[in-house]
Structure formats: C-alpha cells, structure tokens
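See structure below.
The values are calculated or read from the model by the stated rules, or taken from the named source; none is laboratory data. None of these values were measured; they are calculated from a predicted model. Please note: Cβ atoms are built from the backbone with ideal geometry, for glycine as well, and neighbour counts cover all protein chains shown. Surface areas here come from the heavy atoms of the whole protein model, side chains and all, with no ligands, DNA or RNA. Shrake-Rupley method; radii C 1.70, N 1.55, O 1.52, S 1.80 Å.
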Amino acid sequence: MAEMNMAKAINKALYEAMERDSRVVVLGEDVGQDEGVFRVTEGLWAKFGDKRVMDTPLAEAGIVGTSIGMAIYGLRPVCEIQFAGFDYFAYHQLESHAARFRNRTRGRLSVPMVMRAPSGGGIRALEHHSESREGTYAHTPGLKVVIPSGPRNARALLHAAIQDPDPVIYYEPKALYRLFKEEVPDEIEVMPLGQAKVVQEGKGITLISYGACMRATLEAAEMLEEEDGVKPEIIDLLSIVPLDMDTVCKSVQKTGRAVVISEEPRYCSVASEVSSQLNDTVFLYLEAPVRRVTGFDTPIPFFSKEKYYIPDAERVLMACRETLSF
Amino acid sequence: MPRTILEVKQKIEYLSILNDKAEVDKALEPKLTNEQLKHMYTYMLMARRADERFLNLQRQGRIGTFPQTTGHEAISMGASMALKKSDWHVPAYRELAGMLHRGWTLVDQLLLWAGYEQGQSPPNGVNDLPICVPIASQLLHAAGIGMAMNIKGDKHAVVTYLGDGATSEGDCHEAFNFAAVFKAPVVFVCNNNQWAISVPLSRQMGCETVAQKAIAYGMPGIRVDGNDVLAVYAAVHEAVERARAGGGPTLVECLTFRIVAHTTADDPKKYQKEETRKEWAAKEPLIRFAKYLRDKGILNDEVQKQIDAEIETTIRDAIAKMDEKIKTDELANPLYTFDYLYAEIPPFLQKQRDELAHYLGKDKESSSKQPNHAHAGSH
C-alpha cells in the first residue's frame, strides 16, 4: 500500500499497463519529454521510449484518428487529449469510426482504445479548459464512458478501460488530480466497467453522483446527517456507459427519494438519464420527484463565476432538504 | 535582414506511360507479367460491368444509392497491384476494381448497397478497411496503421485513397502531417476526378496540383495520368517500395475526370459541360489498356469473349447470392442490430433488444446472439 494522489494513481496504471502489455502505447500532445501538462505521463517516455510514448502534432482528430488505425492493427493505444474542452475536434472520429467499426464490420474489426482527457472545472482555468461533456459521449452509441472519483478507483478503472475490447472515454476530473491522497494497493486492481459503488449506506434519500461532484455530495451528506439527522445513501456511478441502474434503482426503491448531482449542462445530461430511468423503473416507490443538481444550460462561465455553476455542498443540501420535505 | 530566396528542394513530376492513343513509353513500361496484365484488365472490366449492372438494380429498387466507379478503374487497380497481401488497403468509395483484386466480392458490394452491414465486413485474411463514407476521415486510420507498423517493426505498407474534395478536409491535412512526421509507410492515392459532387476543383484549392501539397509536408509527391493504369502502378509501386524501406509516405495524385454521376442520386447535367465529359470519356482507362494488351498479343477477340463470359457469370452469381443471402436469418433478423456494437452486449442494450423482440413477437429469440467473427489482420 502506498498513499498517492489521483494524478499519480493514473500514472501508475499507465506504467503498469505498458509494462505488462507491449501493445499498449501512449500518444498525445506533450505526453513525452514534458510528461503531460498535468504530469500524468511522468516517467513513461524515459522508461518506454519514443516508439511507445509519442509526442504528436497538435491535432486532436489526428491523435484519435491514428489511434483508431493503431487499434485496428492490433495495438492498444491510450491517447491523451490535453483538455476535454478540445476533444470536440476529434468527436467525428469517435462517433463515425471508433464507436462503429465493430458494428459496421459485424465484429470483424474492433477499436480497443482509450481516450483520456482531463475534464470539469474548479481549477481557475481559462475558457475551454473546464468542460464536462460526458453526456455527449454517453449519447454516442458504441462508446463506453468512465469517470473516476479518487486515486484508487482511478487506477483500477483505467486498467479495466485499457483491457476493454471496445473504445472507452476516460474522463479525469482535473479538480481531483491533487486534491487528496488515498491508499492504493501494490498489486494491480481492475474494477469492472459498468458497476456503480454504494459508498455509504443510509436511508430516506439516495444521492447519486460521480467524478469531482462526489466531493460536494459527500460534504452535503455529512451536513445533512449532522444538521438534519438524515444519513443518506450515496452512490458513485463510476461508469456512465454502461450505467449500473440496478444498483441505483435498488437503493431508491429502499429510500424513495433521489437527488442526482453532476457538473454538466442539464439538458440531455447523465443526470437527466438517471432521473428518467428512475421514473421508468421505480416510479411507484418514489415519494418525491427525482431532483437534478447540475451545471446550467450555459457554457461554464469564466472562472470568476464558475463556483456558482459547479454544484457545491450547499446547493446539494438545499436540494436534499426540498426533496425530503416534498 | 534582406529578403532572400529560400530554395524548396522538391519538384513535382508528372508520369504518363500509356497515353490515350495507347502509345506506350517502352523505357517506363513496368515489369508486369502477361498474366498480371490480363488479371488487371479482367478486374477493371469486372468493376465496369458491375457498375453498369448495379445501376440497373438501383433503378429497379433492388439496391439503394451507390457511387459509380466507371472511369476510375485504373486508379485502384494500379495502386492495389503494387501491394502484397500482408500490406493494408484503406479505400474511400470509388475503388471497386482494387477491392475486388484485394479479395472482396461483388456479393459484399451488393449487400452493402442493398443496406446490409455484412457488406462492410472484410473477407477472411484480407487486410483491408471497408469503404469509408465521411470524406477524408479514413486517411487518419491509414496513417495510424502505418504508425503501428513502424512501432511493431513490420515492413509492410498501406495504400489509402482520397478524392480531390477530400483535400479540403482537416483530416486530410492531419493525416498527411502525422504520416510525414512519423515516417509512416503510407501511400496517399488521390483520385483527382475534378469534381466533388457539383463543386469543381477550382473551389477545392487555389493551387495548380494536388501533388504539390506534398512538398509542404516533407514527402514526395507525383502527379500521374489517372486513366493510365501502368503509370498509377509504377508510381505507387515506387512509393510502396520506398515506404517499406523506411522512407515514409508519398502522395500520388491521379488525374482523371468523373465521367459518371457522383452517385445514383446525382444529375451532373446540372453543373458539368457535356462536351468536357465527352472529351474525357474518350480518354477513359479501359479503351487504351485493351488496345495495349491487343498490341502485346495478350488480348484478342477470343480471349475477350472468355473474359466477358467469366464476368457475366460472376455478376449473375453475385446477384443471385445477394438475393439468397438477404433472406437468411443472419441478414434479415433485426434483432442482430444490437449484437455487434460491443464485444459483449451490455444489459441496457439487451433490454432494448428485448423491447424490439417483444414488439416483433420474437420474445423467445431475444437472448440469442450472433457469435463475433475472429478479428482480421496480421495481429
């Protein structure tokens, strides 16, 4: 066991994956000698060299498009897009090709690749450096979407993503990179995709979140227990696609109330999907409407106002109280 | 401080070996056996005849919209002939002759145009990607395949195709650039037929040739007569050899003219001059190639008759096979829509599959799943 932050844990997973599987290659902007703008690829270039750790030209479609070719040829590319706010430049490659090759060739060709990108706000960055658009990828048939919430699950989920036979979008909530440390076991852990985690058992209300918003959710839960005497059940989704609605529905059947917390714009969001599926499945168990606490349907504001956009503990708490007193 | 001239070393060559009068430049004539030449002619003609027959089928409503390839046969035939089986072939969508040579069948093509994914599934042992609809996006896959060959130390090459319209796309620039930077063994074969549906070449680029763009990427570029299968073969062969030897990518521009509609849904009378089309139609690749083969004694009336009969049988059989295949459960069953998206069907998709099965009254079949094919390729 060693204590480390999330950036280090992701780095550890990359290192381990490259060490155990020579098909794994890393490519992206500044991932080589510079070791990534967030230092997530630290030590990889020095250890594995130019052939397997490639600084690429500055071109997102190029990075993703060539990764698709490499994956079809038999490699396991893990490409980095420097910020999620730039991955739209590669979206057509993901939507038109990474997500479709298996389907269009009836299983003959496949694209086992991972696209990593730091997502979300909260680091006082300039425009285009704070987006959370996991909903866009979740809406794209053929992709898997994974968002860790801390060092230990980040490492275990990245291993699963790299080993997965299909393309995986792996969003790294950049606000968490160095926010806290956690014990990470020495031996490799692989956490299956598509499994949510009940991080706290409770009753009366279920809080469902993922990624960086888990911090506000946990904080709000503490306040709710302390100030209102309600210990909520808390679920960390971890995988956005496939989404583990069984775990979510089981909990909400028990508690009767649900608040979904995420940082993305609300319209057609992951939070909306969870809410909609709860209504489809456990409608008769609900004591109150499912509440969504999310970003707003505006671009995330420049950083002087981002704290009003990203759900914080107070906003989650308010929604919990309104849901409990409905 | 003064203004000086920076000499850019590269020059663009133009190559023609067999001209439109079927005169051949003996010094440049590539070393192809009589058997190979006959094979090339047969496959080019097969693509031509198939194109004509597909058009009838489309008019009858038996297949859907498709892009015609008549007049483009020399490009993919010449280029694919320069490849070995272990090399990779990444088409755009007017490469029927080359795809047939690589091992795809007319049944595959018919199934694709008839609306079945199975037509996009590469045949066993064929290192090809299927045709690509979003313009220029496949070029990055070819670059990536080439980069992967370098990473693995495989001495193979990739041939990929683009149209003149594709040169305007960002993906084209990124693919040229990635391939050049990583010295990927890729030959970019540009089918410059001077039209992107109704938009002429002059609206795609402000420069004189596609080939000269290569200079800016630091790779060799050459323009060849795109109706001259020998010139295409010679240029691509040279580029493939260089690529295999670590010399990186090449851009081969094949100049031709789209003498047919863009697709069956297009009417070129609206934007093309009839005269120009006729001029180019006279230069199409098969007339001169047939004459060349006759001059060489490879082709005569009798051989032509045999080839025609062979092609007719192949096309007839392919159409019959398509009609037969689309009736099979594998192609007809809508539940298989769900089965190839992921390696394993995730629960949420299984639920949607069950939903469709229920709607179709096929609940019992809802859990059956088509086994995935083994992966193609050299890995």
*Pairs, please: C-beta under 6 Å, at least 6 apart or cross-chain, first residue closer than 15 Å to A:R52 by Cβ and in the range B:149-165, second open to solvent by 10 Å² or more (accessible area, probe 1.4 Å)?*
B:M149/B:H156; B:I151/A:K51
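Residues checked against (1) more than 14 Å from every other protein chain (Cβ to nearest Cβ); (2) touching a residue at least 12 places away in the same chain (Cβ under 8 Å); (3) in contact with a strand residue (DSSP E or B) (Cβ under 6 Å, 6 or more places away or on another chain); (4) not in a loop (DSSP other than H, G, I, E, B):
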residue	(1), (2), (3), (4)
A:A221	yes, yes, yes, yes
A:I235	yes, yes, yes, yes
A:A271	yes, yes, yes, yes
A:V274	no, yes, yes, yes
A:L284	yes, no, no, yes
A:A288	yes, yes, no, no
A:G295	yes, yes, no, no
A:L317	yes, yes, no, yes
A:F326	yes, yes, no, no
_Looking only at the range B:54-65, how many residues end up being under 19 Å from the mean Cα position of the chain (by Cα) and under 28 Å from B:Q304 (Cα atoms)?_
2
*Tally the residues that are touching a Leu at 6+ places or on another chain (Cβ under 6 Å) and surrounded by fewer than 22 Cβ atoms within 10 Å (Cβ to Cβ), restricting the search to the range B:93-119.*
2
*Say whether the condition of being more than 23 Å from B:G146 (Cα to Cα), surrounded by 17 or more Cβ atoms within 10 Å (Cβ to Cβ) and away from chain B (no Cβ under 14 Å) is met by at least one residue in the range A:46-61.*
no
*Could you give me the residue pairs with C-beta distances under 7 Å whose first residue belongs to the range B:340-351 and is facing another protein chain (nearest Cβ under 7 Å) and buried (at least 18 other Cβ atoms within 10 Å of the Cβ), whose second residue is aliphatic (A, V, I, L, M) and in a helix (DSSP H, G or I) wherever it lies, and which are 6+ apart or on separate chains?*
B:L341/B:L349
*Positions within the range B:89-130 being outside any helix (DSSP H, G or I) and within 12 Å of the chain's Cα centre (by Cα), in sequence order*: B:H89, B:V90, B:P91, B:A92, B:Y93, B:R94, B:E95, B:W104, B:D128, B:L129, B:P130
*Of all helices (runs of 4 or more DSSP H) completely enclosed by the range B:139-247, which ones contain at least 1 residues that are within 14 Å of another protein chain (Cβ to nearest Cβ)?*
B:170-181, B:213-217
*Go through the range A:7-42 and give me each residue that's outside any helix (DSSP H, G or I), within 15 Å of A:Q82 (Cα to Cα) and among the β-branched types (V, I, T).*
A:V26, A:V31, A:V37, A:V40, A:T41
*Could you say which residue among B:K364, B:K327, B:K369 is open to solvent by 50 Å² or more (accessible area, probe 1.4 Å), within 37 Å of the chain's Cα centre (by Cα) and modelled with pLDDT under 80?*
B:K369
*Being surrounded by fewer than 24 Cβ atoms within 10 Å (Cβ to Cβ) and more than 25 Å from B:F289 (Cα to Cα) narrows it down to one of B:Q58, B:Q138, B:Q68, so name that one.*
B:Q58
*Say we look at the range B:2-50 and pick out the residues that are among the aliphatic types (A, V, I, L, M) and in contact with a strand residue (DSSP E or B) (Cβ under 7 Å, 6 or more places away or on another chain); which of these is most open to solvent (accessible area, probe 1.4 Å)?*
B:I12
*Counting only residues that are surrounded by fewer than 22 Cβ atoms within 10 Å (Cβ to Cβ) and under 17 Å from the mean Cα position of the chain (by Cα), how many does the range B:220-256 have?*
1
*Using the structure shown, decide if B:P130 is within 21 Å of B:V240 (Cα to Cα), within 14 Å of chain A (Cβ to nearest Cβ) and in contact with a Cys (Cβ under 9 Å, 6 or more places away or on another chain).*
no
_With in contact with a Leu (Cβ under 6 Å, 6 or more places away or on another chain) and under 25 Å from B:A180 (Cβ atoms) as the only criterion, which of A:E29, A:E60, A:E80 stands out?_
A:E29
*Does A:E35 satisfy the criteria of being under 20 Å from the mean Cα position of the chain (by Cα), assigned by TED's automatic domain parsing to the domain that holds A:P165 and open to solvent by 10 Å² or more (accessible area, probe 1.4 Å)?*
no
*Residue selected from the range B:65-81 under the condition in contact with a Phe, Trp or Tyr (Cβ under 6 Å, 6 or more places away or on another chain) and not in a helix (DSSP H, G or I), by the criterion farthest from B:V232 (Cα to Cα)*: B:F66
